[in-house]
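Below is one structure, written out as structure tokens, with a few remarks after it.
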Amino acid sequence: MIQKTAFGLFFWYTSVMRLSQFLILMFFTLGMTFLMNDFFLSGDFLFGLLAALFVYQQLRFALRVTRFIASVEKSTKN
């Protein structure tokens, strides 16, 4: 097994997704996670669960888009 450096692990997104996609995903996830924690700590469990589901859906969507872009780029390079 190849051991990766900390720098390589921190900047994993450069090989998987574009920087703009990563930044949008990061800020959205940060904001929704903050709201989710605020909802759970204030006792609004329903809204906290909805925020958690929304974050999960956004992460799944980002993964699908990243895989689609990679497959299109791979097919057009030939």
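A few points about this structure:
- Test: A51 is surrounded by 10 or more Cβ atoms within 10 Å (Cβ to Cβ), at pLDDT below 85 and of a type in the set (G, A, S): no
- Matching entry among F7, F61 (being modelled with pLDDT of 80 or more and open to solvent by 100 Å² or more (accessible area, probe 1.4 Å)): F61
- Residue list for the stretch 64-78, restricted to those being open to solvent by 70 Å² or more (accessible area, probe 1.4 Å) and of a type in the set (S, T, Y): S75, T76
- When restricted to residues that are in a helix (DSSP H, G or I), more than 15 Å from Q57 (Cα to Cα) and open to solvent by 80 Å² or more (accessible area, probe 1.4 Å), the stretch 17-26 contains 1.
- For the stretch 46-78, the candidate set comprises residues that are of a type in the set (V, I, T) and within 14 Å of the chain's Cα centre (by Cα); within that set, the residue that is farthest from R18 (Cα to Cα) is V55.
- Within the stretch 15-62, being within 30 Å of K74 (Cβ to Cβ) and of a type in the set (G, A, S) holds for S15, S20, A62.
The values are calculated or read from the model by the stated rules, or taken from the named source; none is laboratory data. No experiment lies behind these values; they were computed from the predicted model shown. Cβ atoms come from the backbone with ideal geometry, glycine included; neighbour counts cover every protein chain shown. All accessible areas refer to the heavy atoms of the entire protein, side chains included, with ligands and DNA or RNA removed. Shrake-Rupley method; radii C 1.70, N 1.55, O 1.52, S 1.80 Å.
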